[in-house]
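Just so it is clear, none of the values below were taken in a lab; they were calculated from the coordinates. Computed from a prediction, not measured in an experiment: that's the story for all the values here. Please note: Cβ atoms are built from the backbone with ideal geometry, for glycine as well, and neighbour counts cover all protein chains shown.
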Amino acid sequence: MTKCPLCETEMTKEPREIEKGVWVAVEVCPQCKDEWIDETDHDRLVDLFKRKTFNLGGSIAVRIPKEIADALSIKEGTEVNFSIKNKNIIISKATA
């Protein structure tokens, strides 16, 4: 076990769901309640949410990671909406 960088208390490992269906092991300090993830889990999470675009016919496409699609029950044929906010693309599952 590692010690908390803030209070030097031994930390414990616990699973945390950071997004629906996306879990990570965090180290929790029982004293100050801070939570920390290791570099490997951090890198895995960054990679999970980063994708490159590609050409598909006359469009630019991007793949939705399986973990995110599963968490939101998005399957082939699911309708999604696109919107723009502060120069960011927002993709949301269409409601019936």
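For the chain, the longest principal axis of the Cα atoms and the long axis of helix 39-48 meet at an angle of about 10 degrees. Sequence-distant contacts, meaning Cα pairs under 8 Å at least 6 residues apart, place the relative contact order of region 47-96 at 22 percent. Using equal-weight Cα scatterers in the Debye expression, the normalised intensity of region 52-96 in log10 at q = 0.13, 0.28, 0.30, 0.31 Å⁻¹ is -0.34, -1.22, -1.22, -1.21.
Projected onto their three principal axes, the Cα atoms of region 1-50 cover extents of 34, 19, 15 Å, largest first.
Between ARG44 and GLU67, residue separation times 0.36 nm minus the direct Cα-Cα distance comes to 7.1 nm.
For trypsin sites (Lys or Arg not before Pro), the sites in region 2-42 that DSSP calls loop and that have at most 13 other Cβ atoms within 10 Å are LYS20, LYS33. For region 53-96, trypsin sites (Lys or Arg not before Pro) are listed when DSSP marks them as loop and at most 15 other Cβ atoms sit within 10 Å of their Cβ; the list is ARG63, LYS75, LYS87. Sequence-distant contacts, meaning Cα pairs under 8 Å at least 6 residues apart, place the relative contact order of the chain at 16 percent. For LYS20, a cut-off of 18 angstrom between C-alpha atoms picks up these lysines, skipping any fewer than 8 places away in its own chain: LYS50, LYS66, LYS75, LYS93.
Considering only GluC sites (Glu not before Pro) in DSSP loops that have at most 13 other Cβ atoms within 10 Å, the longest stretch of the chain without any of them is 9-75. Across the alpha-carbon set of the chain, the Rg to Rh ratio works out to 1.12, Rh being the Kirkwood radius.
Computed over region 1-50, relative contact order equals 25 percent, with contacts defined as Cα pairs under 8 Å that lie 6+ residues apart.
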